Each structure stands twice: as C-alpha cells, then as structure tokens.
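The values are calculated or read from the model by the stated rules, or taken from the named source; none is laboratory data. The structure presented is a predicted model; accordingly, all values stated were derived computationally and were not measured. Cβ placement follows ideal geometry from the backbone for every residue including glycine, while neighbour counts extend to all protein chains displayed. Areas reflect the complete protein model, heavy atoms only, side chains present, ligands, DNA and RNA absent. Shrake-Rupley method; radii C 1.70, N 1.55, O 1.52, S 1.80 Å.
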Amino acid sequence: MTTADTLHEALIPAEGPGVWVRRAALVALGVGILTLSAKVSVPMWPSPVPVTLGTLAVLSLGAAYGPRLGLITILAYMALGLAGFDVFAGTSAEKYGLPYMLGGTGGYLAGYVLATLALGQAARLGWDRHVGWMALAMVIGNALVYVPGLLWLHQFTTGWGQTLDWGLTPYLIGDAVKLAVAAALFPLAWRLVGGARG
C-alpha cells in the first residue's frame, strides 16, 4: 500500500542535515500547542470535564504530523503532565501529575493517544486532502477520545445517565464545529501546498 506524505513533511524536509533538530522542534511546538489548547478551558459544572480546544489540537496534530511523530508528541505531552508540569486543563489551584491524570478526565487523556494515532494513519492514507474523508477521520478520532473517556468517567458518576450528561452531551455541538473547521482547513492547506486530491 502506498502512503501519502503528511502536511508537515510537505512543508519541512523529513530528511537531510538537521532532521533530528527539526523533529525535536516540531515535538516542542506540538507540546506547546497542546498545552495552550488545554488552557482555553470553560468549566462545565458539575462535570469534571471542561470544554477545551484540546481535542481539536490533538486531532489536528495527529493529521499534520502523522502516526509516528504525532505519537511521540502526544506521549511527550503526557510525560510532562505526569511529571507535574502544568500542561493540562485547569488552574494552579488544582492537582497536577498522576492525581490529575487519574481523575475524571483521565480516560479522555488516554483517548488522545488513540486519536492521534488514528488521525496520523488517516493522513498517511491521504484522507486529510479531501473534506469528506477528513470529516470521517475526525468523527473516528472523536469516538476514540469519547469511548475511553466515558468508560473512565463512569466510575465517578451515579450511573450512565449522569456519565453522558457530564462527559458527552454538553460537548457535541462544540465538537461538531471543531470537526467542520478541521475538515475544511486541511484540504485547503493541501491546496495551498499543491497536494490536494479530488
């Protein structure tokens, strides 16, 4: 099976002198984007899961970076969070590190890893160059975030009704908007670099 270049490979040489420096810079950039997107946070009380731009950032980085570099980036982000750095949604008044990761949002963080791999693989198949395929990839990526997220969150609720009220229903409209934005922007970006497909 032939594989397509990812968007970052079309813009930045993936080989040659300084390749590891470029990759390290991309990982650092990706971690920075993930951190900033998590900080754009709106609490959804009583749910412990806030609305953030995290899902959009995760799915977009997965598509732009591909499965390998995307996985390295999301794992670096998780490692910083595990070490206690303030990279996740929340404020300085909240717990960091492992206690935060084992809280109500822990399953969504695990889903971020799965979604990054899925969007990276979709990009390898060229899905990010067509609106319809990119929209499908985003739906799959969102599902991979929600499934472990809801399963984990369920232990903090009184039943599945509350789990869905806390962890799914309030976010559907926002996620639909994010999906539409990414599905439109990636094919547009490919047209700008001359790699769009019909």
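Around residue 51, which amide H atoms from residues at least 5 apart in sequence, or from another chain, sit under 5 Å from its own amide H, with H modelled in the peptide plane?
When sequence neighbours closer than 5 places are left aside, the close amide H contacts are 42, 44.
Comparing 127, 160, 152, which has the greatest mean-square fluctuation in the GNM of the chain with Cα pairs linked when under 10 Å apart?
Among 127, 160, 152, the largest GNM mean-square fluctuation belongs to 160.
Residue 3 to residue 188: extension gain in nm, 0.36 nm per residue of separation minus the Cα-Cα distance?
Gain on stretching residue 3 to residue 188: 64.6 nm.
Please build a GNM for the chain, connecting alpha carbons under 10 Å apart, and tell me which residue among 145, 113, 42 fluctuates the most.
Highest fluctuation of the listed residues: 42.
On the accessible surface of segment 128-169, probed at 1.4 Å, how many percent belong to carbon and sulfur atoms?
The value for segment 128-169 is 74 percent carbon and sulfur by accessible area.
For n ≥ 4 DSSP H runs only, could you compute -39500 (n - 2.57) per run for the chain, divide by its residues and tell me the 222 nm figure to the nearest 500?
Result for the chain: -22000 deg cm²/dmol, rounded to the nearest 500.
Roughly speaking, what is the stretch gain from residue 160 to residue 139, that is 0.36 nm per residue apart minus the C-alpha to C-alpha distance, in nm to one decimal?
5.4 nm
In nm, what is the difference between 0.36 nm times the number of residues separating residue 20 and residue 177 and their Cα-Cα distance? Present the calculation step by step, with values, prior to reporting the outcome.
Details: separation 157, 0.36 × 157 = 56.52 nm, distance 3.53 nm.
Result for the pair: 53.0 nm of gain on full extension.
At a Förster distance of 30 Å, what's the computed FRET efficiency of residue 45 paired with residue 98, Cβ-Cβ distance as r, to 0.05?
0.80
Of the residues 179, 61, 168, which exhibits the maximal mean-square fluctuation in a Gaussian network model of the chain defined by a 10 Å Cα contact cut-off?
Highest fluctuation of the listed residues: 168.
If you project the alpha carbons of the chain onto their three principal axes, what span does each projection cover, largest first, in Å?
Principal-axis extents of the chain (Cα, largest first): 51, 34, 28 Å.
Quick check for you: with a 1.4 Å probe and neighbouring chains kept, what is the accessible area per residue of segment 159-198, in Å²?
Solvent-accessible surface per residue comes out at 56 Å².
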